[in-house]
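The values are calculated or read from the model by the stated rules, or taken from the named source; none is laboratory data. If you're wondering where the values come from, they're calculated on a predicted model, not measured in any experiment. Here the Cβ is made from the backbone with ideal geometry for all residues, glycine too, and neighbour counts use every protein chain on show. Each accessible area value is taken on the protein alone, full model and side chains, heavy atoms only, with ligands, DNA and RNA left out. Shrake-Rupley method; radii C 1.70, N 1.55, O 1.52, S 1.80 Å.
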Amino acid sequence: MSDQTFQYIALGIYFLGMIAIGLWASTKNTDNEDYMLGGRSLRPGVAALSAGASDMSGWLVMGLPGAIYVSGLLDAWIAIGLTIGAWVNWKVVAPRLRAYSEVSGNAITIPSFFDNRLKADGLSSRVLRVTCGLIILIFFIFYVSSGMVAGGKFYQTTFDGNYHVGMIMIAAITVLYTFFGGFLGATFTDVAQGILMLVALVMVPVVAVIQFGGPGHVLNAVSEANPDALSLVSGATAIGVISSLAWGLGYFGQPHIVVRFMALRSPKDAPTGRRIGISWMVLSVVGTIATALTGIAYFSTHPEASLTDSKSAETVFLDLSQILFHPLAAGFVLAAVLAAIMSTVSSQLVVSSSAAVEDLAMLLIKRRPTPKVQLWMSRGAVLTVSVIAALIALDSDSAVLELVAFAWAGFGAAFGPLMLLSLFWRKLTASGGLCSMIVGAVVKS
């Protein structure tokens, strides 16, 4: 069999597994609350791996390795900031949000939590929820689009195929299991995808280092190729380092991450979730950095080999996996790249759907539809957001990291301060919360 045949077999197994999980989860969805929050039944390990996988999108396996490959460890400050931010998010936000979201009218979406927590009423309640819902939809459309761009580049790189065909195919499969499975479908596929990502991110650099004869040989090759690549400070400025570390502040306002906190069984599960989640994140980030460095070493000492995307180097993980592994094993490594992409997209689609239905459509409908109708409205919203994001992703020149940075910063600025104030400051008012959201979103845009 040809190399591509082995790869197609591995990807086929992966795709079937994700669809099967989504269809299984669909049997658990009896109403819109199940579809959007899974009945607040997540165990800490499931919530932790799901939050990590939905957080670390194609950025982890494509954007960050590419940035470090081009600029060296200078761009690792982003990863450091994110790790610190994730720990603080689990420590500070998770237990309080789980408790307060249930006390505040059993809120199942971020906008409804803000509305109930700030005790908005009448016109102010509508304005608050509509504004919050629109911000979620706008930024998530760009975020989902970044995942579709990564999927198109994946297919183009791996199979020398058409970017648009790959983008549409991967998006369609993701939408399929999200459409039926909802929150639980996205969550349990995230768990499987998170494990697959971790194994791949550890195995690629380990095999590369062994092939080189040890870490010392790799570091020597990196130093010869780029003397500044191993420095965290060479070429750095105080503002640049602070800006990179500030990525971690964005965690407090990421709806697709904090909604996992709301779905925990109880606030007491948060410490266990934190330990599992941060362990997964540290290992994954270290693997990503090691992949970029071994990539520099390999391609600088093997002139006959070249990166598929030499401009942004976002394909370094893909290219190394195809060079180092047997085609079947490489196929599962490639599935890990898809896992990173698809886990984030599915989670974002569910949150976008909840914002569109619960926080926008329901405010326009005088009589609340039956649970079954609401369920299908949410599924329709998943399709609508997917189509709009796909139209943006038609531009194959879009940079994954740039799209992610735009959406991440947008959510962080709009919701981060409001989330912290809602949980820790009793005097926060609805008008103050509204101003915080609008100013944050507008300044970022």
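Lysine pairs in the chain 8 or more apart or on different chains: how many have alpha carbons under 17 angstrom apart?
Details: Lys28/Lys372; Lys91/Lys268; Lys119/Lys427; Lys153/Lys311.
So the count works out to 4.
When only the heavy atoms of the protein chains count and the probe is 1.4 Å, how do Arg265, Arg260 rank by accessible area, highest first?
On the way: Arg265 105, Arg260 0 Å².
Listed by decreasing accessible area, they come as Arg265, Arg260.
Kindly give Rg over Rh for the stretch 46-166, based on alpha-carbon atoms, with the Kirkwood expression for the hydrodynamic radius.
Result for the stretch 46-166 is an Rg/Rh of 1.08.
Rounded to the nearest 500, what is the 222 nm mean residue ellipticity of the chain from helices alone, with -39500 (n - 2.57) per DSSP H run of 4+ residues and division by all residues?
Details: 18 runs with 330 residues, N = 445.
-25000 deg cm²/dmol, from helical runs alone.
Under 8 Å for C-alpha pairs, at least 6 residues apart: give me the relative contact order for the stretch 252-403, rounded to a whole percent.
Numbers: 53 pairs, mean separation 24.0, N = 152.
Worked out over the stretch 252-403, it gives 16 percent.
Can you give me the solvent accessible area of Arg126 with a 1.4 Å probe, rounded to the nearest 10 Å²?
Its heavy atoms expose roughly 120 Å² to the probe.
Of Asp309, Asp55, Asp160, which has the most accessible area with a 1.4 Å probe, and how do the rest follow in descending order? List each step's numbers first, then the result.
Values: Asp309 35, Asp55 15, Asp160 135 Å².
Order by accessible area, largest first: Asp160, Asp309, Asp55.
When only C-alpha pairs under 8 Å and at least 6 residues apart count, what is the relative contact order of the stretch 116-179, in percent? Working shown, then result.
Values: 31 pairs, mean separation 13.6, N = 64.
The normalised contact order for the stretch 116-179 reaches 21 percent.
If I build a Gaussian network model for the chain, linking alpha-carbon pairs within less than 10 angstrom, which residue out of Thr370, Thr158, Thr83 has the largest mean-square fluctuation?
Thr370
To the nearest 10 degrees, how steeply does helix 270-301 sit against the main Cα axis of the chain, on a 0 to 90 scale?
30
What dipole magnitude, in Debye to the nearest 20, does the chain give about its Cα centre under +1 on Lys/Arg Cβ and -1 on Asp/Glu Cβ?
Working: 25 positive and 23 negative charges, 441 e Å.
Using Cβ point charges on Lys, Arg, Asp and Glu, the chain gives about 2120 debye.
From the phi angles alone, apply the Karplus equation (6.51, -1.76, 1.60; θ = phi - 60°) to the stretch 85-92 and give each ³J(HN,Hα) in whole Hz, x where the residue is Gly or Pro.
Whole-Hz 3J(HN,Hα) from phi for the stretch 85-92: x, 5, 5, 4, 4, 5, 6, 9.
Find how many whole Å separate the alpha carbon centroid of the stretch 6-45 from the alpha carbon centroid of the stretch 242-265.
23
Rank His302, His326 by accessible area, highest first, at a 1.4 Å probe radius?
Working: His302 50, His326 105 Å².
Of His302, His326, the descending order of accessible area is His326, His302.
With a 10 Å radius around each residue's Cβ, average the other Cβ atoms per peptide and rank 290-296, 170-176, 267-273, highest first. It would help to have the intermediate numbers written out before the result.
Numbers: 290-296: 25.9, 170-176: 21.7, 267-273: 18.6.
Those peptides, ordered most packed to least, come out 290-296, 170-176, 267-273.
In whole Hz, what ³J(HN,Hα) sequence does the stretch 67-79 give by Karplus (6.51, -1.76, 1.60; θ = phi - 60°), x for Gly and Pro?
Residue by residue, the stretch 67-79 yields 5, 6, 4, 7, 10, x, 5, 4, 7, 6, 4, 4, 5 Hz.
Hey, what did the chain get for relative contact order, percent, Cα under 8 Å, at least 6 apart? Working shown, then result.
Details: 752 pairs, mean separation 165.6, N = 445.
Once normalised by length, the contact order is 37 percent.
Hey, what angle do you get for helix 400-424 against the long axis of the chain, alpha-carbon based, 0 to 90 degrees rounded to 10?
In the chain, helix 400-424 runs at an angle near 40 degrees to the longest axis.
Roughly speaking, what is the centre-to-centre gap between the stretch 337-366 and the stretch 408-440 when only Cα atoms are used, to the nearest Å?
What the calculation gives is 21 Å, centre to centre.
In debye, nearest 20: dipole of the stretch 279-427 around its Cα centre with unit charges on the Cβ of K, R (+) and D, E (-)?
Working: 8 positive and 9 negative charges, 240 e Å.
Its charge dipole is roughly 1160 debye.
Mind listing the long-range amide H neighbours of Ser234? Cut-off is under 5 Å, sequence gap 5 or more, other chains count too, H placed in the peptide plane at 1.01 Å from N.
Excluding prolines and chain starts, which carry no amide H, there are no hits.
Among Gly248, Ala305, Val222, which residue has its Cα furthest toward the positive end of the charge dipole of the chain, with +1 on Lys/Arg Cβ and -1 on Asp/Glu Cβ?
Result: Gly248.
Measure nothing but the geometry: give the 0 to 90° angle between the long axis through the Cα atoms of 371-393 and the longest principal axis through the Cα atoms of the chain, rounded to 10°.
Computed tilt is about 40 degrees.
How much accessible surface area, in Å² rounded to 10, belongs to the heavy atoms of Glu102 with a 1.4 Å probe?
Approximately 90 Å² for this residue.
Rounded to whole Hz and in sequence order, give me ³J(HN,Hα) for the stretch 254-259 from the Karplus expression 6.51 cos²θ - 1.76 cosθ + 1.60, θ = phi - 60°, writing x for Gly and Pro.
Per-residue couplings from phi come out as 8, x, 6, 8, 5, 5 Hz.
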